[in-house]
Amino acid sequence: MNLPFKQHLIDPEICIRCHSCEMACTADAIEHDDTNVVVNADLCNYCMDCIPVCPTGSIDEWRVVAEPYSLAAQYGFEELPEQEDLAGAGADNVEALDEAVAALLAEAHQGAGGASKPPASADRPTVNMYPLAKPTSATVQGNYSLTDDPTHDVRHLILDLGGVPFPIMEGQTIGIIPPGTDDKGKAHLPRLYSVSSPRDGERPNFNNLSLTVKREEHGLCSNFLCDLEKGDEVQVTGPFGATFLIPSDPDARLLMICTGTGAAPMRAFTMRRQRSIGGTSGGMTIFFGARTPKSLPYFGPLSKVPKTLLDQHLVYSRDGKKEYVQDRLLVEEEKIAELLVDPNTHIYICGLRGMEDGVERAFTTIAESIGEQWIAMRDVMRQEGRYHVETY
Ligand code: A2P
């Protein structure tokens, strides 16, 4: 390590201890105790994998230091230390590192959809009521298959929170702690899942919520969840997420683009609107990509949602021809252009990370067709809390 150097730290006052960064870190550099989540300066390799997954931005803290803060020092932080004055101490080294870190960060933020803000009219969510140190338990009320394909198992899981308050907003996530320990004997960290039911519950006012879970080959938590039976208990943390939220303004128009289980928050948004303003008022458009109609989660229920509420574009990649959501955006160029220029439009993208580039390219082409620049439009939308990306 060349000193001074730029040390990666986590802001303990903003961090909600969801442990997404710890899960994402491939260098084993992030760890926690009951107070703080910290970064081991000896192991951090600046890969930036932790940056886009952090729901609060607390991960994005850097200090130029003559001597790195030890793990013990970081566990003792109640707030982040100020930047020390290091004038003259190896300034060349710091400058070069500064530039390299800035470039890596810019790339990481690009993937994350940039610093996100909640919609101006969104209600304030509750965050981290149940941290890892104090999870709550939920009982499985139902576990239903959503796909008609044994090689592609997607499930609708209903969890009952019993008498425990668990306020959740559409678009938020919860953590599920898989039972058991990892190969180092440590308890597993929670895995985050988007809630697919609206704030008043899957069944209104029954303190329950739903998740949409795809069974992943060798997926520890997804297999645990998909195999659960009615009456089983799960350990839950959260809720998490303070930006991927639905505007309360009934006139806000929503353009939702998703693949596979990325439909979870879109289902929650649709149910929220349907329950709060009824089926006649419109303003929602969805582009939903799946392999085939049989593997599209909620295909049946979706067909019953009134078209006046939700303009649906279901796009299939393995049903005769191969079509992705970004291809269909281009087919519907005029409709999308009209939405892009409307200051009431909010865009939500959720699903496979690979889709993000394709969707950005489609928006670039569509914006050009009306003499606009997509990047500039997107920056304004982000700034106004109207552009939200959650990909994995
Ligand atoms: P495919 O796998 O046929 O290439 P699921 O998670 O249920 O498999 O659904 C994901 C859907 O997203 C599939 O239809 C998948 O197509 C599609 N998909 C895969 N890669 C991309 C991409 N880069 N952009 C958009 N859609 C994608």
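Quick rundown of the values:
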read-out	value
Answer residue from the range 269-281, given it is of a type outside the set (Ser, Thr, Tyr) and either closer than 24 Å to residue 336 by Cα or modelled with pLDDT under 85 (or both) and is nearest to the ligand (Cβ to nearest atom) among those	269
Residue in the range 320-336 that is modelled with the lowest pLDDT, counting only those that are in a loop (DSSP other than H, G, I, E, B) and loosely packed, with under 15 Cβ neighbours inside 10 Å	320
Scope the range 6-27; condition out of contact with any helix residue (DSSP H, G or I) (no Cβ under 6 Å at 6 or more places or on another chain) and assigned to a strand (DSSP E or B); matching residues	7, 8, 9
Flag if residue 292 is farther than 22 Å from residue 124 by Cα and within 11 Å of the ligand (Cβ to nearest atom)	yes
Close pairs from the range 247-262: first at pLDDT below 95, partner β-branched (Val, Ile, Thr) and more than 16 Å from the ligand (Cβ to nearest atom), Cβ under 6 Å, at least 6 apart	250/277
Selection count where residues are more than 16 Å from the ligand (Cβ to nearest atom), crowded, with 20+ Cβ neighbours inside 10 Å and of a type in the set (Val, Ile, Thr), scope the range 117-172	2
Candidates 284, 355, filtered to the one that is near the ligand (Cβ under 9 Å from one of its atoms), within 24 Å of the chain's Cα centre (by Cα) and of a type in the set (A, V, I, L, M, F, W, C)	355
Residue identified as of a type in the set (A, V, I, L, M), out of contact with any Lys or Arg (no Cβ under 9 Å at 6 or more places or on another chain) and farther than 24 Å from residue 120 by Cα among 331, 315	331
Residues of the range 369-385 that turn out to be within 15 Å of residue 336 (Cα to Cα) and surrounded by 12 or more Cβ atoms within 10 Å (Cβ to Cβ), as a count	7
Counted residues, the range 299-319 - those being within 12 Å of the ligand (Cβ to nearest atom) and modelled with pLDDT of 90 or more	6
Criterion violated by residue 265 - all others in (1) under 22 Å from residue 153 (Cα atoms); (2) not in a helix (DSSP H, G or I) satisfied	(2)
Top-ranked residue in the range 77-106 [being exposed (fewer than 15 other Cβ atoms within 10 Å of the Cβ) and under 17 Å from residue 45 (Cα atoms); ranked as modelled with the lowest pLDDT]	96
Selection from the range 321-335 of residues that are more than 12 Å from the ligand (Cβ to nearest atom) and either charged (D, E, K, R) or more than 12 Å from residue 365 (Cα to Cα) (or both)	332, 333, 334, 335
All positions within the range 344-355 that are in contact (Cβ under 8 Å) with a residue 40 or more places away in the chain, surrounded by fewer than 20 Cβ atoms within 10 Å (Cβ to Cβ) and part of a helix (DSSP H, G or I)	353
Residue ranges of strands (runs of 3 or more DSSP E) in the range 28-76 with at least 1 members within 24 Å of residue 194 (Cα to Cα) and at pLDDT 90 or above	30-32, 37-39
Test result for residue 339, away from the ligand (no atom under 14 Å from the Cβ), in contact with a Ser or Thr (Cβ under 8 Å, 6 or more places away or on another chain) and either in contact (Cβ under 8 Å) with a residue 60 or more places away in the chain or not in a loop (DSSP other than H, G, I, E, B) (or both)	yes
Answer residue from the range 160-198, given it is of a type in the set (Ser, Thr, Tyr) and outside any loop (DSSP other than H, G, I, E, B) and is farthest from the chain's Cα centre (by Cα) among those	181
Qualifying residues in the range 236-266 (those that are of a type in the set (Ser, Thr, Tyr) and within 14 Å of the ligand (Cβ to nearest atom)) - the one nearest to the chain's Cα centre (by Cα)	261
Residue 308 of a type in the set (Val, Ile, Thr), more than 29 Å from residue 130 (Cβ to Cβ) and in a loop (DSSP other than H, G, I, E, B)	yes
Residues located in the range 173-188, provided they are out of contact with any Gly (no Cβ under 8 Å at 6 or more places or on another chain) and crowded, with 20+ Cβ neighbours inside 10 Å	176, 177, 178
Answer residue from the range 293-305, given it is in contact with a helix residue (DSSP H, G or I) (Cβ under 9 Å, 6 or more places away or on another chain) and assigned to a helix (DSSP H, G or I) and is surrounded by the most Cβ atoms within 10 Å (Cβ to Cβ) among those	295
Test: residue in the range 234-244 that is surrounded by fewer than 20 Cβ atoms within 10 Å (Cβ to Cβ) and modelled with pLDDT of 95 or more	yes
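The values are calculated or read from the model by the stated rules, or taken from the named source; none is laboratory data. Computed from a predicted model, the values in this text were never measured in an experiment. All Cβ positions, even for glycine, are placed from backbone atoms using ideal geometry, and neighbour counts span all protein chains on display.
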